[in-house]
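Visitor: Provided herewith is a single structure, encoded as structure tokens, for subsequent inquiry.
The values are calculated or read from the model by the stated rules, or taken from the named source; none is laboratory data. Please read these numbers as outputs of a predicted model, since none were measured by experiment. A quick note on method: Cβ atoms are made from the backbone with ideal geometry, for glycine too, and the neighbour counts reach across all protein chains shown. When the accessible area is computed, the model is the full protein with side chains, heavy atoms only, and any ligands, DNA or RNA have been set aside. Shrake-Rupley method; radii C 1.70, N 1.55, O 1.52, S 1.80 Å.
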Amino acid sequence: MVLGLAWPLAVVAGSPAGEPLRPIPRMSRPDPARVALGKRLFHDTRLSVDHRMACASCHPVSRGGADGRPLARARDGSPDDFNTPTVFNAVLNDRLGWRGNLASLGDQVDDSLGNPRHMGMSWDGVVDRLRADPGYRRAFHDTYGGITPDNVRDAIVSYEQTLVTPDARFDRYLRGEDDAITPLEKRGYAYFKDYGCVACHQGVNVGGNLVQKYGVFGDPYAGRPGKPRSVDLGRYSLTGDPQDKRLFRVPSLRNVALTAPYFHDGSAATLTEAVRRVARLQLGIEMPADHVCAIVHFLYSLSGVYQGRLLEHLAGKPPPC
């Protein structure tokens, strides 16, 4: 099922009727004081029990909002369960977490703080640490009236709500700038629609609003060394319902050229490999190499603008076709 977005979006004039994708609209920004406070908290290791991790440890905005590892690192340095999703445009996702079990950015904050392998902190512990800091006491008093779990959570969420990357070249194309993307990228977008990729990757965030089975036309773990981990069974590892086996949240493809490696387990090193695997496992086809390459070029056009700069500089050049 397609669920509603968690963030109020403005209506954008000029979006072509009938297109399955939509440009990121102009969005109102949260209170600047809350954003500044949330940014400070997002980068503060005091939110972890041993002062080793901050939110930015796994979600550095300078790298596209993800850490670039196949699997995130736990607080003790060991591999975590999942590949780190980007924090960019996370507010546009209907659900968060690879298993779609988190309903909001606030839920994500709670989950990360309380997880013993991540921050390992209680809210009481967080509040006590922040109250011991005169700078935080002043900032929270001036902005919220005091330090409480709800106010700390709201500040972090307010900052994360600003991590939106509009005005990708593809967004400009949707708004009527025909030459904003190349002929090869246009061909890739046509393939993306014709093959049915848009059945799962649609809307403003080009995904992020569905939970689907990974491996419709085959076992994605067949032939790989070792047995699948329990978390590789997707939502089933939470619910125990056989119908939930290998169900994962469909990721957004916004800025996807910046966030290799791919899939919940980081098992695809490149976009080319990821597109081929999706074609085989989700569509049941072996996609021609030139079609794969064209789609990859289209995906590069989804890199948006952050702080006035197009993020394509972080992705480099797509492979030649």
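Visitor: Per residue, what volume in Å³ does the convex hull of the Cα atoms of region 212-298 enclose?
Guide: Enclosed volume per residue, from the Cα hull, is 102 Å³.
Visitor: Note the angle between two axes, namely the Cα long axis of helix 32-42 and the longest principal axis of the Cα atoms of the chain, as a number of degrees from 0 to 90, rounded to the nearest 10.
Guide: Rounded to the nearest ten degrees, it is 90.
Visitor: Follow-up question, since we're still on this one. What order, most packed first, do the peptides 308-317, 125-134, 77-86 have when packing is the mean number of other Cβ atoms within 10 Å of each residue?
Guide: Details: 308-317: 13.6, 125-134: 15.1, 77-86: 17.4.
Descending packing order for the listed peptides: 77-86, 125-134, 308-317.
Visitor: Heavy-atom accessible area per residue, the chain, 1.4 Å probe: how many Å²? List each step's numbers first, then the result.
Guide: Numbers: 14660 Å² over 321 residues.
Spelled out: the 1.4 Å probe surface of the chain, per residue, equals 46 Å².
Visitor: What are the extents of the Cα atoms of region 58-105 along their three principal axes, in Å, largest first?
Guide: 30, 25, 15
Visitor: Right, here's the next one. In whole angstrom, note down how far apart the Cα centers of region 26-49 and region 69-115 are.
Guide: When both Cα centres are located, 17 Å separates them.
Visitor: For region 215-243 and region 156-193, write down the distance between their C-alpha centroids in whole Å.
Guide: 32 Å
Visitor: Let me ask something else about it. Just to confirm my understanding: which cysteines in the chain have no other cysteine beta carbon less than 4.7 Å from their beta carbon?
Guide: Among the cysteines of the chain, those whose Cβ sits 4.7 Å or more from every other are 55, 58, 197, 200.
Visitor: For Cα pairs less than 8 Å apart in space and 6+ apart in sequence, what is the mean separation divided by the residue count of the chain, i.e. the relative contact order in percent?
Guide: In percent, rounded to a whole number, it is 23.
Visitor: Run the accessible area of the chain with a 1.4 Å probe and give the carbon-and-sulfur part as a rounded percent.
Guide: 53 percent
Visitor: Against the longest principal axis of the chain, how steep is helix 289-300, in degrees 0 to 90 to the nearest 10, with axes from Cα atoms?
Guide: Value to nearest ten degrees: 30.
Visitor: Hey, what did region 94-245 get for relative contact order, percent, Cα under 8 Å, at least 6 apart?
Guide: Contact order relative to length: 19 percent.
Visitor: Let me ask you something else. How large is log10 of I(q)/I(0) for region 162-277 at q = 0.14, 0.22 Å⁻¹ when the intensity is taken from the Debye formula with one equal scatterer per alpha-carbon?
Guide: -0.71, -1.44
Visitor: Which value, in debye to the nearest 20, gives the size of the charge dipole of the chain about its Cα centre, when Lys and Arg are +1 and Asp and Glu are -1 at the Cβ?
Guide: 300 debye
Visitor: Also, I was wondering about something else. Using Cα springs under 10 Å in a Gaussian network model of the chain, which residue among 141, 59, 118 shows the largest mean-square fluctuation?
Guide: Of 141, 59, 118, the most mobile in the Gaussian network model is 141.
Visitor: Let me ask something additional. With only alpha-carbon atoms in the gyration tensor, what are the semi-axes of the equivalent ellipsoid for the chain, in Å, largest first?
Guide: Result for the chain: semi-axes of 33, 25, 17 Å.
Visitor: Calculate the tail of P(r) for region 92-133: the fraction of all Cα-Cα distances greater than 11 Å, expressed in %.
Guide: In whole percent, the long-distance tail amounts to 67.
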